[in-house]
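Shown next, in structure tokens, is the structure this report addresses.
The values are calculated or read from the model by the stated rules, or taken from the named source; none is laboratory data. Bear in mind the structure is a predicted one, so any value in this text is a computation, not a measurement. Positions of Cβ are backbone-derived with ideal geometry, glycine not excepted, and every protein chain shown enters the neighbour counts. For the accessible areas, the whole protein counts, side chains as well, though only heavy atoms, and no ligand, DNA or RNA atoms are used. Shrake-Rupley method; radii C 1.70, N 1.55, O 1.52, S 1.80 Å.
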Amino acid sequence: MLAVLLTAGICGFAPAQSPAPLRESGRQEKSSYQGARSQASQPRSERPAAAEEPDEVPSGFSSKDKDTGSGKSPSSSKSSSASSKPKTEEELQVSSGIQDIARLAGLEARVELYSHACVVDVDEGENPYDVTWEYGKLYDAYVEEVDWDLLFDGDYYIRTFPGLAHLYHKDKALLLRHFQTVGIHEGRQGCQGFNVAAYQKNCDAKVRKAFGDNYECYYFYYAMNQKTQKGVVTTGSEKKQLATKLTHMQQEELDHVNEYRAEVGVPPIEYDAELSALACYRAYIDALEDWDAHDWLNAPENQEEMYSMMDMIEAKNWSENTVHGYNRNRDYVFKQGPATAWYINYRYSEDHYKAMTAEKYHYMGSANCYISDYKKENPRHPDAEAVYIHYDVFVPDLITPVHN
């Protein structure tokens, strides 16, 4: 018989970038930011051995365009990421040549450069599940040119990356867009017949010299040069994902967590893309359904789904840190949420700091900022009309396409 071990942890209410006082007294401290309150809290979920009763323990979970400061969600904004200057028709011309495709190497999306872009509005936008990655018109032109049936099979992608599929609610159109904009940069295998590591190993040396480890270029070149590339071996025993791309917000979180771990002499923690997708799912579901803190995790009706999430990455332990910020002004939430330094909230809360620096945790995933209308009648947040949410998730072990 399976069971989940949960403890509420010590929760604090604090403004961003300020120490979080303990909640044991039941007091709620208002921030200086128009009455907003951010809640950092931390439970732990474990799966004990079969037929054992759980025991409670202290809880420890290249483009260079300028940021506009518009406060809009990236899912509702289509700003080009490749350049702020208009492109000529010649510059946007799509060609299957090696050097032409090599122009796509090293492009960076806004979400990689600015935390302000790392926002998901779950109430609006074409993709309420995750941030939008945009690389500009030239990149989009190449995406339009490729026959993606050569590279992508939705069912295969769902089976291979179950955490990502769970975040995207198995929406194959959105998963294809993820593959086109993120997955191919990470060297993800999108179908049974094409593994980019195998193709990179077996393709012509001049192709490898031109593209290096810019995996996205290999996908475009292979798909656009079928007459000459059909004979190249594209399958083998290579990994099904070669790298992980982080947003600016996720990279900042990882860097500071590892700074804190260095403070206590603990080895750096590794980032995992599947665990990150599940951290984003936790933020998404809390924002969508108005769950506070770890209420979703504690609710009996969600235990089966929680077990399923742990099974996706073959983890036996799950610990999470979270900040929930509440405000009566939705526009303000879009400014404050992305500007919040989550790691500072966690740094000055003893239990959260312990979770970040625990030697037993070897892997982490981190959410972006999820924002939603807040519809509850909650005496703890009587005037709140909007909420912004973040999660860090830590596990001691897992098995995923990157870490196996």
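Any residue in segment 229-240 that is at negative phi sitting within a Cβ distance under 7 Å of a residue that is hydroxyl-bearing (Ser, Thr, Tyr) and open to solvent by less than 80 Å² (accessible area, probe 1.4 Å)? List the pairs, counting only those 6 or more apart or interchain.
From residues that are at negative phi, the pairs are Gln229/Tyr222; Val232/Tyr199; Thr234/Tyr199; Lys240/Thr160.
Restricting the search to segment 312-332, which residues are of a type in the set (D, E, K, R) and closer than 15 Å to Val393 by Cβ?
Keep residues of segment 312-332 that are of a type in the set (D, E, K, R), which gives 314, 316, 320, 328, 330-331.
Glu314, Lys316, Glu320, listed by residue number.
Of all residues in segment 189-202, count the ones that are assigned to a loop (DSSP other than H, G, I, E, B) and open to solvent by less than 10 Å² (accessible area, probe 1.4 Å).
Quick first cut of segment 189-202, residues assigned to a loop (DSSP other than H, G, I, E, B) only: 189-190, 192-193, 195.
With the extra rule that they be open to solvent by less than 10 Å² (accessible area, probe 1.4 Å), the set shrinks to 190, 195.
So the count comes out to 2.
Within segment 234-262, work out how many residues are of a type in the set (D, E, K, R), closer than 27 Å to Trp133 by Cα and open to solvent by 60 Å² or more (accessible area, probe 1.4 Å).
Our first condition is that a residue be of a type in the set (D, E, K, R); within segment 234-262, this holds for 238-240, 245, 252-253, 255, 259, 261.
Now narrow it down to the ones that are closer than 27 Å to Trp133 by Cα: 238-240, 245, 252-253, 255.
Remaining after also requiring open to solvent by 60 Å² or more (accessible area, probe 1.4 Å): 239-240, 252, 255.
Residues meeting the conditions: 4.
Against the definition (within 20 Å of Ser276 (Cβ to Cβ) and out of contact with any strand residue (DSSP E or B) (no Cβ under 7 Å at 6 or more places or on another chain)), how does Trp296 come out, yes or no?
On the way: within 20 Å of Ser276 (Cβ to Cβ): yes; out of contact with any strand residue (DSSP E or B) (no Cβ under 7 Å at 6 or more places or on another chain): yes.
Yes.
Quick check on my filter: what residues within segment 362-386 are assigned to a loop (DSSP other than H, G, I, E, B) and either buried (at least 24 other Cβ atoms within 10 Å of the Cβ) or aliphatic (A, V, I, L, M) (or both)?
Step one: list which residues in segment 362-386 are assigned to a loop (DSSP other than H, G, I, E, B), which gives 362, 367-368, 374-385.
Result: Ala367, Asn368, Ala384.
Being in a helix (DSSP H, G or I), open to solvent by 30 Å² or more (accessible area, probe 1.4 Å), under 30 Å from Phe394 (Cβ atoms) and not hydroxyl-bearing (Ser, Thr, Tyr) is the requirement here; does Asp213 meet it?
Numbers: in a helix (DSSP H, G or I): no; open to solvent by 30 Å² or more (accessible area, probe 1.4 Å): yes; under 30 Å from Phe394 (Cβ atoms): yes; not hydroxyl-bearing (Ser, Thr, Tyr): yes.
Answer is no for this residue.
Only one residue in Tyr271, Tyr307 is surrounded by fewer than 24 Cβ atoms within 10 Å (Cβ to Cβ), in contact with a helix residue (DSSP H, G or I) (Cβ under 6 Å, 6 or more places away or on another chain) and of a type in the set (Ser, Thr, Tyr), so which one is that?
Values: Tyr307 fails: in contact with a helix residue (DSSP H, G or I) (Cβ under 6 Å, 6 or more places away or on another chain).
It is Tyr271.
Determine the pairs where a residue that is in a loop (DSSP other than H, G, I, E, B), located within segment 106-126, has a partner that is open to solvent by 40 Å² or more (accessible area, probe 1.4 Å) and of a type in the set (Ser, Thr, Tyr) with Cβ atoms under 6 Å apart, the partner being 6 or more residues away or on another chain.
Note: pairs meeting the criteria are Gly106/Ser62; Leu107/Ser62; Glu108/Ser62; Glu124/Ser76; Gly125/Ser76.
Conditions (1) within 16 Å of Tyr156 (Cβ to Cβ); (2) open to solvent by 30 Å² or more (accessible area, probe 1.4 Å), marked per residue:
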site	(1), (2)
Asp171	yes, yes
His178	yes, no
His185	no, no
Lys209	no, yes
Cys217	no, no
Phe220	no, no
